[in-house]
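Only one structure is covered here, and it is reproduced in the block below.
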Protein chains: 2
Amino acid sequence: MGVSLSVLTIGDELLNGEMADTNTAAIARILASRGFAVRDSLSVRDEMDGIVAALQGLADRRAVLIVTGGLGPTADDLTAEAAARAFARPLEENPAALEEIRAYFLRHNLTMHPRNDKQALLPAGVEILANKRGTAPGFHLETGHCSCFFLPGVPAEMTAMLEEAVLPRLERDYGEETPTRERVLKVFGLSEPKCEALLAAAGLPEGVQVAFGVDFPFVHVKLRTSGAAAALLLDRAEPLARRTLGDFVIAVGDASLPQTVARLLTEKGKTLALAESCTGGWIAKQLTDLPGASAFLERGAVTYANSAKHDWLKVPESVLETQGAVSAECARAMAKGIREAARVDLALSVTGIAGPDGGTPGKPVGTVFIGLASESGEEVKGYRFSGNRDTVRRLSACMALDRLRRHLEKA
Amino acid sequence: MGVSLSVLTIGDELLNGEMADTNTAAIARILASRGFAVRDSLSVRDEMDGIVAALQGLADRRAVLIVTGGLGPTADDLTAEAAARAFARPLEENPAALEEIRAYFLRHNLTMHPRNDKQALLPAGVEILANKRGTAPGFHLETGHCSCFFLPGVPAEMTAMLEEAVLPRLERDYGEETPTRERVLKVFGLSEPKCEALLAAAGLPEGVQVAFGVDFPFVHVKLRTSGAAAALLLDRAEPLARRTLGDFVIAVGDASLPQTVARLLTEKGKTLALAESCTGGWIAKQLTDLPGASAFLERGAVTYANSAKHDWLKVPESVLETQGAVSAECARAMAKGIREAARVDLALSVTGIAGPDGGTPGKPVGTVFIGLASESGEEVKGYRFSGNRDTVRRLSACMALDRLRRHLEKA
């Protein structure tokens with residue numbers, strides 16, 4: 001397992017339902033890429049006693065502790081004081097921290113609020129970690145048997161500090177203790193037990209374990225092994241697993257489905273346009289999340305009203321009147337219409353009933369038609385997805401992108 | 001603090017960076033709505049010893065424990081066996097659980113995989129919690145001093161089981177012990193210290209505390225109090241806080257910025273169209289997340305290429321050539337063009353440089369122009385946002401929606 005490492009996230013907002021803790025996953029992802037594993041993670045509220053107890057408990061059991069949150073300027077930011085109490089150090093104004101904060105305000109032409117001074121009150125004897133993106137400096141504290149890193153809770157600030165200040169130190173101190181290697185295959189369209197049964201008969205090399213995770217609607221198949229020959233074993237296992245799972249594998253490693261589609265479009269020099277009804281721009285959003293999307297994405301239409309389908313996509317009134325906006329014919333006309341309007345190689349269309357209202361006995365909530373237009377014409381398929389509005393929209397967007405992926409992989 | 005309650009989430013995927021733990025926040029939100037507070041939360045890997053130790057440790061310290069994950073059919077799903085070991089009970093096939101699983105497969109016309117039998121192996125003496133949405137039944141186990149609920153990790157299944165099977169029981173057993181009340185004001189455009197300083201001078205009633213949280217780019221101002229007069233105190237504090245923070249308050253309570261905008265559009269009977277360049281459909285996606293968006297959203301255009309800006313939005317070639325696609329003139333023409341094309345009351349346009357590439361000395365990454373078109377013409381403002389691609393896009397989408405909110409609130 002390598003060095004024993006825990007994450008502690010601090011903030012009422014993580015425990016009253018306001019927001020999910022995304023910092024633990026971000027930390028784990030960055031650490032995993034360098035071979036470090038997070039053993040467990042704890043979240044506590046902005047309460048002095050709870051933070052002190054968590055710090056003491058974790059520092060007793062672990063060699064490395066990464067703490068986020070509670071370094072801000074307001075009264076409910078208690079982390080520095082809690083660290084001072086937990087490890088019996090005086091709390092004092094840290095000149096290096098004050099300098100960092102002043103420099104931040106100067107750099108951004110902002111007036112420093114007196115409350116920001118509080119962010120320089122730190123336990124004695126810590127080392128400052130620079131924050132290039134915000135006002136809260138981080139700090140590093142050695143308890144004797146635990147190396148504790150205190151980072152801000154704002155994700156962009158935390159990530160930058162982790163990569164620039166924490167990782168180099170971890171690699172220097174613990175770089176040799178990280179044996180387990182893992183390779184992840186992302187799958188769309190096969191269930192977890194189905195993957196497990198297929199892989200049980202795949203003849204994977206001895207010493208390679210298979211574990212599973214679900215990031216709905218994707219199944220993550222994790223090939224794991226350890227020891228000196230780990231990389232070699234995984235290089236043998238991966239093609240076997242890929243062949244077994246076939247074209248249900250959307251990516252190996254970190255890539256997402258939109259990233260795979262973007263890579264294929266770019267590699268093959270194809271252009272794309274989108275006509276979205278029930279997904280409401282979500283496909284366009286996912287593709288434009290990626291830098292470089294302008295190389296292949298010409299345009300997208302979110303055609304909620306029939307007038308938009310008619311004006312921009314030339315869907316015939318007769319189709320809208322006789323078959324309705326949620327129909328194979330409409331999806332076909334949308335895909336054809338946007339491909340011609342945008343003068344692109346490929347076009348996707350999606351029309352459906354995401355719910356909760358709008359379903360009929362013949363076309364219940366979850367009925368979705370997806371069209372793919374290319375130089376060889378339009379291919380339309382109908383689906384009936386289960387789930388709430390978010391699930392139906394998510395599955396529709398993923399299925400549309402997956403149709404495009406399969407088309408590009410064959411072409 | 002009411003009943004002492006912890007959440008334990010189980011799964012390697014939560015600790016190797018594959019996915020963030022969203023279950024804790026979902027559980028906390030649902031519990032908070034009924035007055036129950038989550039004290040802390042722990043995430044552990046799919047490893048027998050770690051799960052057993054976590055279950056024993058938490059069950060010793062807490063009156064209620066809610067556990068999610070590891071109930072699936074594959075070999076790395078260890079929760080039921082870990083619970084049997086932690087609380088020294090035999091693991092046995094539970095007839096009620098087996099019946100539940102069989103019924104699920106029957107209901108969905110699916111063939112039951114032999115591996116799904118494993119999901120009926122549970123600690124002796126537990127009570128089954130029905131799962132209407134998936135194959136993994138949950139269960140409830142009393143240790144003597146801790147009431148432990150074991151729920152599936154799939155969010156939709158977990159949420160349904162929490163609401164239908166866990167909440168009624170918690171309300172019956174602990175309904176009287178929940179005193180602290182909270183009201184949340186969501187703020188856009190004021191920093192946390194600025195809010196704190198303003199509220200310090202607002203003359204809030206004694207006994208009302210103010211805490212802060214950040215859900216970037218929003219600041220959450222939390223008014224809290226307890227005791228018999230809690231609701232009354234909050235009813236007095238809320239309008240004072242609202243007046244103090246002025247029109248920077250985008251919502252009170254659960255509503256998000258898109259929800260506030262959707263409510264205002266619906267109440268005022270106004271229709272909307274969108275022309276998005278750098279936000280790439282994200283504004284449309286956020287509005288169509290909401291059921292009922294078709295009542296106000298006529299259409300949206302994701303005009304990545306200049307040809308799309310010209311064809312659909314009638315942005316003059318001269319503007320694109322002399323001022324460029326990222327310019328106040330282009331944003332103005334986009335807003336005017338989409339409003340006329342869609343024949344709507346209101347239109348938003350966004351054009352900018354999200355990065356990481358594409359910046360110039362005169363228009364660095366983060367330069368964004370946002371236009372709002374209404375019957376009284378177009379209003380365009382320029383912004384220079386700091387941050388990476390995701391942050392620039394997020395701020396652009398929020399600022400556009402906020403401009404629309406302010407316009408609708410004044411109108």
Subject >> Evaluated over region A:119-161, the Cα radius of gyration and Dmax, each in Å >> reply: 10.6, 31
Subject >> Reachable lysines from residue A:222, criterion Cα separation under 16 angstrom, eight or more residues apart if same chain >> reply: A:186, A:194
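What net charge is computed for the residues neighbouring residue B:237, neighbours being all others with C-beta under 12 Å from the C-beta of residue B:237, Lys and Arg scored +1, Asp and Glu -1?
Numbers: positive: B:181, B:183, B:222, B:224, B:236, B:242, B:243; negative: B:182, B:206, B:235, B:238.
Residues close to residue B:237 contribute a combined charge of +3.
How large is Rg over Rh for the protein assembly as shown, taking Rg from the Cα atoms and Rh as the Kirkwood inverse mean of 1/r across Cα pairs?
Numbers: Rg = 27.1 Å, Rh = 28.4 Å.
With Rg and the Kirkwood Rh in hand, the quotient comes to 0.96.
How long is the gain from residue A:243 to residue A:386 if the chain were fully straight, where each residue apart is worth 0.36 nm and the alpha carbon distance is subtracted? Could you put the intermediate results ahead of the total?
Details: separation 143, 0.36 × 143 = 51.48 nm, distance 2.93 nm.
Extra length available between residue A:243 and residue A:386 comes to 48.5 nm.
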Subject >> Highest-first arrangement of A:138-149, B:90-101, where packing means the average Cβ count within 10 Å >> reply: A:138-149, B:90-101
**OP:** Over chain A, calculate the relative contact order: mean separation of alpha carbon pairs under 8 Å at least 6 apart, over the residue count, as a percent.
**Re:** 10 percent
Original post:
What is the spin-label model distance, in nm, from residue A:194 to residue B:164 if the labels are put 7 Å beyond Cα along the C-beta direction?
Top reply: 2.4 nm
Original post:
In deg cm²/dmol and to the nearest 500, what is the mean residue ellipticity at 222 nm of chain A if only DSSP H runs of at least 4 residues count, each as -39500 (n - 2.57), divided by the residue total?
Top reply: -11500 deg cm²/dmol
**OP:** Quick one: angle between helix B:23-33 and the longest Cα principal axis of chain B, in degrees between 0 and 90, rounded to 10, please.
**Re:** 90 degrees
Original post:
In degrees, nearest 10, range 0 to 90: what is the angle between the Cα axis of helix A:257-268 and the longest Cα principal axis of chain A?
Top reply: 60 degrees
Original post:
Between the helical axis of B:328-342 and the dominant principal axis of chain B, each derived from Cα atoms, what acute angle in degrees is found, rounded to the nearest 10?
Top reply: 70 degrees
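With r defined as the distance between the Cβ atoms of residue B:105 and residue B:34 and R0 fixed at 35 Å, what FRET efficiency is calculated, to the nearest 0.05? Don't skip to the end; give the middle numbers.
On the way: r = 33 Å, r/R0 = 0.95.
That pair, residue B:105 with residue B:34, gives E of 0.60.
Excluding residue B:203 itself, calculate the net charge of residues whose Cβ lies under 14 Å from the Cβ of residue B:203, where each Lys or Arg counts +1 and each Asp or Glu counts -1.
Details: positive: B:236, B:242, B:243; negative: B:206, B:238.
Around residue B:203, the charge tally is +1.
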**OP:** Kindly rank B:162-172, A:46-56 from highest to lowest mean number of other beta carbons found within 10 Å of each residue.
**Re:** A:46-56, B:162-172
**OP:** Would you tell me the mean number of C-beta atoms belonging to other protein chains that fall within 10 Å of each C-beta in A:289-301, as a whole number?
**Re:** 6
Original post:
Roughly what % of DSSP beta bridges within chain B run antiparallel, to the nearest 5?
Top reply: 65 percent
Subject >> Size of region A:42-155 as Cα extents on the principal axes (Å, biggest first) >> reply: 44, 26, 25
Subject >> region A:5-174 - share of DSSP beta bridges that are antiparallel (%, nearest 5) >> reply: 40 percent
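Could you work out the mean count of beta carbons from other protein chains within 10 Å of each residue's beta carbon in A:74-80?
Working: counts 12, 6, 8, 2, 0, 0, 0.
Mean shielding by partner chains, rounded to a whole number: 4.
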Original post:
Stokes-Einstein at 20 °C, 1.002 mPa s, Kirkwood radius from Cα pairs: D for region A:11-78 in µm² s⁻¹?
Top reply: 162 µm²/s
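Where does each of A:27-38, A:247-258, A:3-14 land if you order them by average Cβ count within 10 Å, highest first? Walk me through the numbers on the way to the answer.
Numbers: A:27-38: 20.2, A:247-258: 17.2, A:3-14: 25.2.
Going from most to least packed, we get A:3-14, A:27-38, A:247-258.
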**OP:** Please work out, to two decimal places, the log10 of the ratio I(q)/I(0) at q = 0.14 Å⁻¹ from a Debye calculation in which every Cα of region A:181-252 carries one identical scatterer.
**Re:** -0.36
Original post:
How do B:406, A:332 line up, fewest other C-beta atoms within 10 Å first?
Top reply: B:406, A:332
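For peptide A:2-12, compute the average count of partner chain beta-carbon atoms within 10 Å of each residue's beta-carbon.
Details: counts 0, 0, 0, 1, 3, 2, 1, 3, 0, 4, 10.
What the average comes to for A:2-12 is 2.
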**OP:** Could you calculate the contour length gain from residue A:236 to residue A:202, that is, 0.36 nm times the residue separation minus the distance between their Cα atoms, to one decimal place in nm?
**Re:** 11.0 nm
**OP:** Apply the Debye scattering formula to chain A, with a single equal point scatterer on each alpha-carbon and no solvent, then give log10 I(q)/I(0) at q = 0.07, 0.13 Å⁻¹.
**Re:** -0.47, -1.10
**OP:** Determine the percent antiparallel among the DSSP beta bridges restricted to the protein assembly as shown, to the nearest 5.
**Re:** 65 percent
Original post:
With a sphere of radius 11 Å drawn around the Cβ of residue B:280, what net charge do the other residues whose Cβ falls strictly inside it have (Lys, Arg +1; Asp, Glu -1)?
Top reply: +3
**OP:** Have a look at region A:272-411 and give its Rg and Dmax from the Cα atoms, expressed in angstrom.
**Re:** 13.9, 43
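None of the figures in this text is laboratory data; all of them are computed from the coordinates on show. All values derive from a computational prediction rather than experimental measurement. Note that each Cβ is placed from the backbone with ideal geometry, even for glycine, and that neighbours are counted across all protein chains shown.
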